[in-house]
Amino acid sequence: MQLMKKRLLKFRPAVVLAMCAGSLAAGVAKEAKRPNIVWMFSDDHAYQAIGAYGGRFEKENLTPNIDTLAKEGMIFEKAYVGNSICAPSRATLLTGKHSHKNGKFDNRDEFDHDQPQFQKMLQKVGYQTAMIGKIHLNGAMQGFDYWEVLPGQGRYRNPVFVSAEGEKTYEGHSTEIITDRALNWLKTGVDESKPFMLMVHYKAPHRTWIPSEKQQKAFEGRQFPEPETLFDDYEGRGTAAHEQDMSIEKTMRMSQDLKKNRPDRKASLEKLKPEGKDLVRWKYQAYMQDYLACIAGVDENVGRILAYLKESGLDENTVVMYSADQGFYLGEHGWFDKRMMYEESFRTPLLARWPGVVKEGSRNADLVQNIDFAETFLDIAGAPIPADMQGMSLVPLLKGETPADWRTSLYYHYYEYPGPHSVRRHEGVADARYKLIRFYGRDVPGGEEWELYDLKNDPNEMTSLYDHPEMKERVKALKQELKRLKEQYEVPEDGK
Ligand code: SGN
Ligand code: CA
């Protein structure tokens, strides 16, 4: 019944469009009113490092421009991904489907560009589409009138871009160049008779966290608050948390990651000669200096885009959104990287400004997921939404009208094991309070291990309550919900 209703709902825009089709030619003026969309997306930008989200960096004023979007628009407090890793997240962004449906389970799989993607559908309803920056999906992009992307992970300095014309190298820092290219398209590539969708995808702040020289200097030696869980010993959790390879203490490299030979770092190491816990603290500070300097660079460049939109008057009819491909650990649990279904990497930032539609300074706490983005873009454009997309349009939420049947739980599935950082495969279900995770497969003792967290009483997810007798009924209900979600999303057993 619920599925049936959802399908009908999804066809609604198509019906509306069909009804309007006759008057489309006569409706040029109406067409001109359809909003533009500017989607800004960064790589590994943790919500903890956005002022508007609060938290321990709030007072550092790291993201004044992104915070402006929160002030002038809406901040989503419970935005999540379905598979916390780069390329799969981007495949979900374009297809509106979980990994098992779009075929991009991990960073290594090939992406099938021939499959349906929202930008192809936007083109069909008369939008111009452009993609600039990191997409991390090999092969020629489809459905973009203009595309200029970094191959694979791309380079921080003097990045090479691939486009329909071939390869071109630009001199400078990738964050600035991606902005330059986006502004260039806005200034010279836009056909003013049509609405547009521009995607601006930054490489920063991805490892190995290389800021521009200016930002690096501004952050050298700065000291940042430590997370409460920097020295987590993983007691109370299972094999996956104990045996990952993403800790500041053991995994982070002194040379590439922490730039021990940079003059400021060299001097600091010689002076302090840190060891043991002090060395972990030193590494954390060095990591934060570079990571947050990358964020400052992204924010400054978001500011350049916002300034141009304002100066050109485009801002009035443009939906501006900011998000990242997933969350990231900024020392929480002693970690960097992502992949885990724990909050810091499962959650992702999401902000949206839509003048006249989104109430300024609003906050939304509904459960949203990256499967929703494609449908949201289509809905904004008034385009039909295919029934096999797996998300829900965020447009009602943006209007402050959460539908009564909005989802109350999320499905998650991470696959890339064995692989970098050794995070075991896992899937799980989360509702607004509880999270049930099932780690499974190779190198999980007994083939599977379950964890349960109560985020209300244990927001840092330090103690699994899975074996707690009082949680028996809760576990049963969540397992049932996991099963229901797997049926709804048509997940094959263990994904692949
Ligand atoms: C690189 C990084 C890893 C990171 C993966 C995936 N190592 O391999 O730390 O997890 O990318 O990141 S590095 O030494 O090359 O920086 S992702 O964002 O593409 O998923
Ligand atoms: Ca990423």
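Quick note: the coordinates plus some simple rules give every number you see, no bench work behind them. The structure displayed is predicted, hence computed values, not measured ones. In this analysis, Cβ positions are derived from the backbone assuming ideal geometry, glycine residues included, and neighbour counts consider all displayed protein chains.
Within 10 Å of each residue's Cβ, count the other Cβ atoms and sort C294, C86 from fewest upward.
So the residues, fewest neighbours to most, are C86, C294.
Within the chain, what percent of beta bridges assigned by DSSP are antiparallel, to the nearest 5?
For the chain, the DSSP antiparallel bridge percentage is about 55.
Local charge sum around N102 (other residues, Cβ-Cβ under 11 Å, Lys/Arg +1, Asp/Glu -1)?
Result for the local shell: +1.
For segment 215-221, take each phi angle, set θ = phi - 60°, evaluate the Karplus expression 6.51 cos²θ - 1.76 cosθ + 1.60, and give the result in whole Hz per residue in order, putting x for glycine and proline.
5, 4, 4, 5, 9, 4, x
In percent, what relative contact order does segment 106-236 have, based on Cα pairs under 8 Å that are 6 or more apart in sequence?
22 percent
How much length, in nm to one decimal, is gained on full extension between T169 and K71, taken as 0.36 nm per residue of separation minus their Cα-Cα distance?
Length difference between fully extended and current span is 31.6 nm.
Going by amide H atoms built from the backbone, whose H comes under 5 Å of the H on M340, apart from near neighbours?
Excluding prolines and chain starts, which carry no amide H, there are no hits.
Give me E493, E344 sorted ascending by neighbouring Cβ count inside 10 Å, so fewest comes first.
Lowest count first: E493, E344.
Counting Lys and Arg as +1 and Asp and Glu as -1, each charge on the Cβ, what is the dipole of segment 231-386 about the Cα centre in debye, to the nearest 20?
740 debye
Note the full-extension length gain between R222 and K260 as 0.36 nm times their separation in residues minus their Cα-Cα distance, in nm to one decimal.
Additional length available on full extension: 12.1 nm.
Can you compute the radius of gyration and Dmax for segment 42-199, using only the Cα atoms, both in Å?
16.8, 46
For the cross-link pairs K168/K338; K120/K194; K399/K476; K59/K273, which exceed 27 Å when the distance is taken from alpha carbon to alpha carbon?
K168/K338; K399/K476; K59/K273, as the Cα separations exceed 27 Å there.
Defining a contact as two alpha carbons under 8 Å apart and six or more residues distant in sequence, what relative contact order in percent does segment 411-495 show?
Result for segment 411-495 is 21 percent.
Measuring from label point to label point, each 7 Å out along Cα→Cβ, what is the E270 to R253 span in nm?
2.4 nm
Restricting to DSSP H runs of at least four residues, report the calculated mean residue ellipticity at 222 nm for the chain, -39500 (n - 2.57) per run over all residues, nearest 500 deg cm²/dmol.
The per-residue figure over the chain is -10000 deg cm²/dmol.
When all alpha-carbon pairs of segment 162-264 are counted, what percent fall beyond 24 Å?
Above the 24 Å cut-off, segment 162-264 has 51 percent of its Cα pairs.
Taking H as built 1.01 Å from N, whose amide H comes closer than 5 Å to the amide H of V319, not counting residues under 5 places away?
So V319 has HN proximity to N36, I37, V38.
HN-Hα J couplings of segment 225-234 from phi, Karplus 6.51/-1.76/1.60, θ = phi - 60°, integer Hz, Gly and Pro as x?
After applying 6.51 cos²θ - 1.76 cosθ + 1.60, I find x, 8, x, 4, 9, 4, 10, 3, 10, 6 Hz.
Taking the Cα atoms of segment 411-495 alone, what are Rg (to one decimal) and Dmax (as a whole number) in Å?
Computed over the Cα atoms of segment 411-495, radius of gyration and Dmax are 13.1, 37 Å.
What ranking of F377, F231 emerges when the number of other C-beta atoms within 10 Å of each C-beta is taken as an exposure proxy, fewest first?
Lowest to highest Cβ neighbour count: F231, F377.
What share of all Cα pairs of the chain, in percent, falls into each consecutive 20 Å distance bin?
Histogram of Cα-Cα distances, whole percents per bin: 23, 58, 18, 1.
Along the Cα→Cβ direction, 7 angstrom out, place labels at Q153 and E192. What is the inter-label distance in nm?
4.4 nm
Hull surface divided by four, with the convex hull built on the Cα atoms of segment 260-382: how many nm²?
For segment 260-382, averaging the hull's shadow over all directions gives 11.0 nm².
Which whole-number percent is the relative contact order of the chain (Cα, under 8 Å, 6+ apart)?
24 percent
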